[in-house]
Every structure is written in C-alpha cells, then in structure tokens.
Amino acid sequence: MIYCVEDERNIRELLVYTLETTGFSAKGLADSRELSAELKKELPDLILLDIMLPGEDGFGILKKLKSNPSTRDIPVIMVTAKEAEFDKVRGLEGGADDYITKPFGMMEFVARVKAVLRRSQKQSEEREVRCGPLSIHSGKHEVKLNGEKVDLTRKEFELLQYLVENKGLVMTRNQILCHVWGYDFDGETRTVDVHVRTLRHKLKEAGNRIETVRGVGYRIEE
C-alpha cells in the first residue's frame, strides 16, 4: 500500500491512478489528519508526501514519522513544486528517501517509486561487519559505536554499510546512488553529500573515517 498525501485533488487522483495502473495499491490523502487516521489502520510500504499542505506541512509530518518507532522505517518520497536547494536538503536531512519536483513525468515517477521500494524491501542476511569502533548488524539494521547504539535513518545505515563492505575502496557518488537508492541521478549528487554529512555527525569521532575523495566520491578507512 502506498499513501499519497497531496492536497490538490487532481494531482492526488492522477498519482493514485498511475500507481494503480502499474500494479500498486494506493490511497490518496489530503492532509496530515487523514494520514494520521490511515496510519492507525494500516502502515503503508511507502508514503508520497507533498510539502505544501494545509495545516501541518510536509516537513512537520516527516519529522513526526521519523520520530515514531512504528513509522520511522516507512520510506518517504517528498513530492513538491518547490525547487529550492534548501528544501531538498531539509527533506533529505529529515530522513526522506528521495525527492521529486513537480512537474514530473509519470514514467520517472513510477521508476522512483519502484527504486525506493526495491531498496526498502531488499532482504539482508544476518551478519555483522566491523570497522574500528563501529559494528554494523545488517539483519537488525543496527549500528553500534564502542558498544553504544547509534540512531541512523534507513538510508544512512545502508550508506554506511556499503562503505564499510568496500573498506579502502573509493565509491563514486553514482555507485553509491545506484546501490543505496537503486538508480542513477541525472547529474544530481547532492543526496549523497547530504547523507554523508549527517552520517559523519552522528558517528562522532568515527565519522572522520569517511574520507572525501575530491571530484570522485567517498571511502572509509581500513
């Protein structure tokens, strides 16, 4: 089930229609109140969230979703007419999995949805990977720093896991996008940079292990 939170009826109905004709179950919701009511009935596989909504805006909704243990792991794609870099960064730093700006083509829209769902539903085998003071438990989606649990979003976890599994190797931004997000951005790499910055901050001193290779990408020290 995919929830489409969009106050403009025509757009909301188009998104729902497009998703349903491509094999998904979808439900259109006009605002945060309708979303809250539906979340009590059923947790979706994905939420499409507009920023400009009546009452509580998309950023406020996203913050609540990511602070609630029962909804924090639900993937979120921000859908908005805003094009400002600040809004993109704010959404990604808030835990959104992707960001798509209106107007957009339906084929691109469906591709983004499939990519996010593919990444979120991918089964991980139970294993532990270590890197200095860090331990990454893939089955539990848990990271510990010197034995203390670190609170990461799904994408931050997958980014760290990818870098650690390729210790010592430089991963380009496009490689990271393809592996963690499931597709290539057309020259748009800000998503990776934002997630690396927040990941470094949360990992404290261990975040210094993530090295920027100028003009190429990132690597984590052996």
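The values are calculated or read from the model by the stated rules, or taken from the named source; none is laboratory data. All values derive from a computational prediction rather than experimental measurement. Glycine also receives a Cβ, built like all others from the backbone with ideal geometry; neighbour counts cover every protein chain displayed. SASA here: full protein model, heavy atoms, side chains in, ligands and nucleic acids out. Shrake-Rupley method; radii C 1.70, N 1.55, O 1.52, S 1.80 Å.
Summing Cβ point charges (Lys, Arg +1; Asp, Glu -1) relative to the Cα centre of the chain gives a dipole of roughly 540 debye.
Here the accessible area of the range 1-48 is 44 percent carbon and sulfur, with a 1.4 angstrom probe and all protein chains present. Between amide H atoms placed 1.01 Å from N, distances below 5 Å from ALA81 occur with ILE51, MET52, LYS102, all of them 5 or more places distant or on a separate chain. Computed from the C-beta positions of GLU128 and ASP73 and an R0 of 22 Å, the FRET efficiency is 0.65 to the nearest 0.05. Hey, if you put +1 on the Cβ of every Lys and Arg and -1 on every Asp and Glu Cβ in the range 128-222, which of LEU163, LEU152, HIS179 ends up farthest toward the positive end of that dipole? After comparing all options, I get LEU152. Modelled label positions at GLU56 and GLU108, each set 7 Å beyond Cα in the direction of Cβ, lie 3.0 nm from each other. Ligands, DNA and RNA are left out, and with a 1.4 angstrom probe the accessible area of the chain is 50 Å² per residue. Report the Stokes-Einstein translational diffusion coefficient (µm² s⁻¹, integer) for the chain, Rh taken as the Kirkwood radius over Cα pairs, at 25 °C with viscosity 0.890 mPa s. Rounded to a whole number, D works out at 135 µm²/s.
Sorting 36-48, 139-151, 69-81 by their mean Cβ neighbour count within 10 Å, with the most densely packed peptide first, gives 69-81, 36-48, 139-151. The DSSP beta bridges internal to the chain are antiparallel in roughly 50% of cases. Considering only alpha-carbon pairs that sit under 8 angstrom and 6 or more positions apart, the relative contact order computed for the chain is 14 percent.
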